[in-house]
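The values are calculated or read from the model by the stated rules, or taken from the named source; none is laboratory data. What you see is a predicted model, and the numbers here were worked out from it, not measured in a lab. FYI the Cβ positions are ideal-geometry reconstructions off the backbone, even for glycines, and counts take in every protein chain you see. These accessible areas exclude ligands, DNA and RNA; they are computed on the full protein's heavy atoms, side chains included. Shrake-Rupley method; radii C 1.70, N 1.55, O 1.52, S 1.80 Å.
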Amino acid sequence: MSRLYTQDHEWIDVAGGEATVGITDYAQGQLGDVVFVDLPDAGRAVTKGGEAAVVESVKAASDVYAPVSGTVTESNPALADDPSLVNSAPEADGWFFKLTLSDASELDGLMDKAAYDAFVASL
Amino acid sequence: MTVAGGRMADDADLKTLPLDALHRRLGARMVSFAGYAMPIQFDGIIAEHLWTREHAGLFDVSHMGQLLVEGEGAAEWLESLAPGDFKALQPHRVRYSLLLADNGGILDDLMVTNTGRNFYLVVNGATKHGDIAHMAARLPAGITLHHMEDDALLALQGPQAVTVMSRFDLTPESADQPAFADLKFMAGARWLWNGIKLGITRSGYTGEDGYEISVPAEHAEALAEALLAHTEVKPIGLGARDSLRLEAGLPLYGHDLDPETTPVEADLSFAISKRRKTEGGFPGAERVLDQLFNGAARKRVGLAVEGRMPAREGATVWVGAEQVGVLTSGGFAPSLNVPIAMAYVATGCAADGAALEIEVRGKRIAATVVPMPFKQKNYVREGDKK
C-alpha cells in the first residue's frame with residue numbers, strides 16, 4: 001500500500017479498489033486547532049478535486065477535496081468525539097473518510113511522499 | 001484542502017508593527033490585518049485563549065489608531081461626533097463610545113479617556129484613516145487632532161495582569177496623576193517606567209481585567225520583553241483576541257458594526273449617555289432616539305448554537321421558511337467548548353430564549369438567543385473587593 005498526496009494537502013492510501021483519505025501534517029499545522037469536521041455520509045459520490053468534507057478550525061472553515069473520484073463507504077467516527085485528532089494524528093487516527101475508487105487512473109497525477117515534501121518545501 | 005498562503009505577511013505593501021521582529025522571534029504566524037503584518041497565533045489559538053482567561057496574555061494592538069484631541073471646547077466638539085457625555089467625563093476616566101454618521105450609522109467604536117489635559121482616543125486599525133478624515137473635516141478652529149503614529153499600543157489581559165503590573169516600578173508622570181495601585185477599571189493616566197512615558201488605561205477587549213499600555217514605539221520591544229519575562233505572561237495573537245472578545249459579547253467593527261447599523265440596533269444604547277438621550281445633539285440623534293424609545297426593526301443578539309459545528313459570519317438565520325437575520329460573527333468558544341455566534345435578527349425574534357435556525361452549507365442548525373456575554377466578564381470594577 002502506498003500513500004499519495006495532492007497539491008491541496010490531502011493524502012490517500014490505496015489498497016486494491018479501496019482508499020482512505022485525510023489531510024497532511026502540513027495542512028493541520030496551517031489550520032491550527034481543529035474543532036469540527038463535517039464529513040461526507042456513506043454512499044455519497046465524490047469527484048476528483050470536488051468538495052468532500054469541511055474542516056473547521058477556531059478561526060475558519062476550510063474545504064477538503066476528494067483526491068480521486070469514488071463513492072464514500074465510511075467516515076471516521078472518532079472525529080465526531082475528538083476533532084483534535086486531526087491535529088495530533090493527521091496522517092493516522094485523524095483520517096477523514098474511505099471510498100471505493102471509480103477510476104484508478106486518476107491516481108497517476110498524484111505525488112509520492114518525496115514529491116509532496118519537495119512541494120511543501122517550495123511553499 | 002485550501003490553505004491560506006503562507007507568505008501572505010511577506011507582502012511588500014504591508015506595514016510592520018514596532019514589535020514585528022519580536023513576534024517573528026517568538027514564532028508567530030503572521031497574517032495581513034488592517035494593512036499590517038500581524039501575529040495571528042503563537043502557540044495555538046485555543047491554548048492562547050485559555051492562557052489569557054487563566055493567567056495574562058500580551059497583545060500587540062499597535063495597528064489601532066491613537067489620537068489626541070486638545071483645545072478649548074474639545075468635550076463639546078466630541079459630543080458633536082459621538083453620543084457620550086464627555087463634558088461630564090471626569091479626569092482619568094475612560095468611556096466606550098461610537099463615532100456616528102449623520103444618519104446615526106456607526107462609523108467606528110472607540111475608547112475615550114479624559115487625561116485632564118486633553119482627550120485620548122483609541123480607534124480601530126482598519127478604520128483609523130477614515131476616522132481621522134471624518135474628524136479633520138469637522139475640526140473647528142482652536143481644537144487640534146493629533147495622530148500618535150510614533151506610539152505603540154500593547155494590551156495585557158487576564159486575571160494575573162494586575163499582579164504582573166504591580167511588580168513594575170511606575171511613577172506618576174506628574175503630581176496630578178493618580179498612583180498606579182489606585183487605577184480602577186475604565187480609568188487611565190500616565191506613568192514613568194525607567195524614564196519611559198507610558199499611558200495606561202485599565203480596560204481591554206477580552207472580558208478580562210487588564211490594561212492597555214501606550215508606549216513610544218522605540219521602547220515597545222523593551223516593555224514587551226519586560227512583560228514577557230514574567231512567567232504569568234505569554235504572547236497572544238489576533239486569533240485568540242477574536243475568540244476572547246466573541247465570548248465576552250464584544251462587537252468587532254467591520255463585522256458586527258458598520259455604517260448601516262445604529263447604536264440601538266447594535267444593542268449598544270448604553271453608549272448613549274443619559275443627558276444625550278434627553279438632549280440629543282449627536283449625529284443621527286433623531287433616528288437613533290426614535291429607535292431607542294419606539295424600538296428598532298432588528299437587534300444584535302447572542303446565539304448559542306446546538307451541536308459542535310461552528311456557524312460563521314454571513315450564515316443566514318431562519319424561523320421556518322422566513323429569513324429573520326444573519327450572523328455577523330461566529331465561531332468556537334474555547335472556554336465554553338461550544339460554538340457561539342452574534343447575529344442581527346428581527347426584533348420579534350430577539351428575546352432571550354427565542355428558538356431560531358442557522359443555515360450552514362444547506363443544513364439547518366438549531367440555535368437559541370442567549371444573553372451576552374457568553375462568558376461572564378471578570379472585570380474588577382470600582383468598589384469590588386477583588
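If you go through the range B:244-264, how many residues are in contact with a strand residue (DSSP E or B) (Cβ under 6 Å, 6 or more places away or on another chain) and buried (at least 24 other Cβ atoms within 10 Å of the Cβ)?
The number of residues fulfilling the criteria is 5.
Restricting the range A:30-46 to residues that are within 8 Å of chain B (Cβ to nearest Cβ) and in contact with a helix residue (DSSP H, G or I) (Cβ under 7 Å, 6 or more places away or on another chain), which is modelled with the lowest pLDDT?
If we take residues in the range A:30-46 being within 8 Å of chain B (Cβ to nearest Cβ) and in contact with a helix residue (DSSP H, G or I) (Cβ under 7 Å, 6 or more places away or on another chain), then A:G32 is modelled with the lowest pLDDT.
Can you name the residue in the range B:265-291 that is open to solvent by 20 Å² or more (accessible area, probe 1.4 Å) and in contact with a strand residue (DSSP E or B) (Cβ under 9 Å, 6 or more places away or on another chain) and is also farthest from B:G348 (Cα to Cα) among such residues?
Restricting to residues being open to solvent by 20 Å² or more (accessible area, probe 1.4 Å) and in contact with a strand residue (DSSP E or B) (Cβ under 9 Å, 6 or more places away or on another chain), the top hit is B:S273.
All but one of (1) within 14 Å of the chain's Cα centre (by Cα); (2) outside the structural domain of B:V31 (by TED's automatic domain parsing) hold for B:Y205; which doesn't?
(2)
State all residues of the range B:150-170 that are surrounded by fewer than 13 Cβ atoms within 10 Å (Cβ to Cβ) and in contact (Cβ under 8 Å) with a residue 40 or more places away in the chain; if no residue qualifies, say none. Explain how you work it out, then say what you get.
Keep residues of the range B:150-170 that are surrounded by fewer than 13 Cβ atoms within 10 Å (Cβ to Cβ), which gives B:150, B:166-167, B:169.
Answer for the range B:150-170, where residues must be surrounded by fewer than 13 Cβ atoms within 10 Å (Cβ to Cβ) and in contact (Cβ under 8 Å) with a residue 40 or more places away in the chain: B:D150, B:R167.
With the condition kept exactly as written, say whether any residue in the range B:194-210 is assigned to a strand (DSSP E or B), open to solvent by 10 Å² or more (accessible area, probe 1.4 Å) and in contact with a helix residue (DSSP H, G or I) (Cβ under 7 Å, 6 or more places away or on another chain).
Yes, some residue in the range B:194-210 is assigned to a strand (DSSP E or B), open to solvent by 10 Å² or more (accessible area, probe 1.4 Å) and in contact with a helix residue (DSSP H, G or I) (Cβ under 7 Å, 6 or more places away or on another chain).
Within the range A:1-29, how many residues turn out to be open to solvent by 50 Å² or more (accessible area, probe 1.4 Å) and within 13 Å of chain B (Cβ to nearest Cβ)? First the steps, then the outcome.
Residues of the range A:1-29 open to solvent by 50 Å² or more (accessible area, probe 1.4 Å): A:1-3, A:7-8, A:15-16, A:18, A:25-26.
Subsequent filtering for residues that are within 13 Å of chain B (Cβ to nearest Cβ) retains A:7-8, A:25-26.
Here the count works out to 4.
In this structure, does A:V72 turn out to be more than 14 Å from chain B (Cβ to nearest Cβ), touching a Lys or Arg at 6+ places or on another chain (Cβ under 8 Å) and either open to solvent by less than 50 Å² (accessible area, probe 1.4 Å) or on the phi > 0 side of the Ramachandran plot (or both)?
On the way: more than 14 Å from chain B (Cβ to nearest Cβ): yes; touching a Lys or Arg at 6+ places or on another chain (Cβ under 8 Å): yes; either open to solvent by less than 50 Å² (accessible area, probe 1.4 Å) or on the phi > 0 side of the Ramachandran plot (or both): yes.
The answer is yes for A:V72.
State whether the residues of the range B:375-382 include one that is more than 25 Å from B:I46 (Cα to Cα) and in contact (Cβ under 8 Å) with a residue 12 or more places away in the chain.
Among the residues of the range B:375-382, at least one is more than 25 Å from B:I46 (Cα to Cα) and in contact (Cβ under 8 Å) with a residue 12 or more places away in the chain, which makes the answer yes.
State yes or no: is B:E322 surrounded by fewer than 17 Cβ atoms within 10 Å (Cβ to Cβ) and within 14 Å of chain A (Cβ to nearest Cβ)? Talk me through it step by step, then tell me what you get.
Details: surrounded by fewer than 17 Cβ atoms within 10 Å (Cβ to Cβ): yes; within 14 Å of chain A (Cβ to nearest Cβ): no.
The answer is no for B:E322.
Would you pick out the residues in the range B:352-379 that are more than 20 Å from B:F185 (Cα to Cα), assigned to a loop (DSSP other than H, G, I, E, B) and open to solvent by 70 Å² or more (accessible area, probe 1.4 Å)?
Here is the first cut: in the range B:352-379, the residues more than 20 Å from B:F185 (Cα to Cα) are B:352-371, B:374.
With the extra rule that they be assigned to a loop (DSSP other than H, G, I, E, B), the set shrinks to B:352-354, B:361-362, B:371, B:374.
Within the range B:352-379, B:D352, B:R361, B:P371 qualify.
Against the definition (open to solvent by 60 Å² or more (accessible area, probe 1.4 Å) and out of contact with any strand residue (DSSP E or B) (no Cβ under 9 Å at 6 or more places or on another chain)), how does B:R25 come out, yes or no? Talk me through it step by step, then tell me what you get.
Numbers: open to solvent by 60 Å² or more (accessible area, probe 1.4 Å): yes; out of contact with any strand residue (DSSP E or B) (no Cβ under 9 Å at 6 or more places or on another chain): yes.
For B:R25, the condition - open to solvent by 60 Å² or more (accessible area, probe 1.4 Å) and out of contact with any strand residue (DSSP E or B) (no Cβ under 9 Å at 6 or more places or on another chain) - is met.
Quick one: count up the residues across the range A:83-123 that are open to solvent by 60 Å² or more (accessible area, probe 1.4 Å) and assigned to a loop (DSSP other than H, G, I, E, B).
So the answer is 6.
Pick from the range B:171-188 the residues that are touching a helix residue (DSSP H, G or I) at 6+ places or on another chain (Cβ under 8 Å) and farther than 18 Å from B:V233 by Cβ: which of them is most open to solvent (accessible area, probe 1.4 Å)? Full working, then the answer.
Restricting attention to the range B:171-188, the residues satisfying the condition of being touching a helix residue (DSSP H, G or I) at 6+ places or on another chain (Cβ under 8 Å) are B:172, B:180-181.
Next, only the ones that are farther than 18 Å from B:V233 by Cβ stay: B:172, B:181.
Details: B:P172: 47, B:A181: 93 Å².
Once the filter is applied, the top-ranked residue is B:A181.
Here are the criteria: (1) within 14 Å of chain B (Cβ to nearest Cβ); (2) surrounded by fewer than 21 Cβ atoms within 10 Å (Cβ to Cβ); (3) hydroxyl-bearing (S, T, Y). Tell me which single one A:S57 does not satisfy.
(2)
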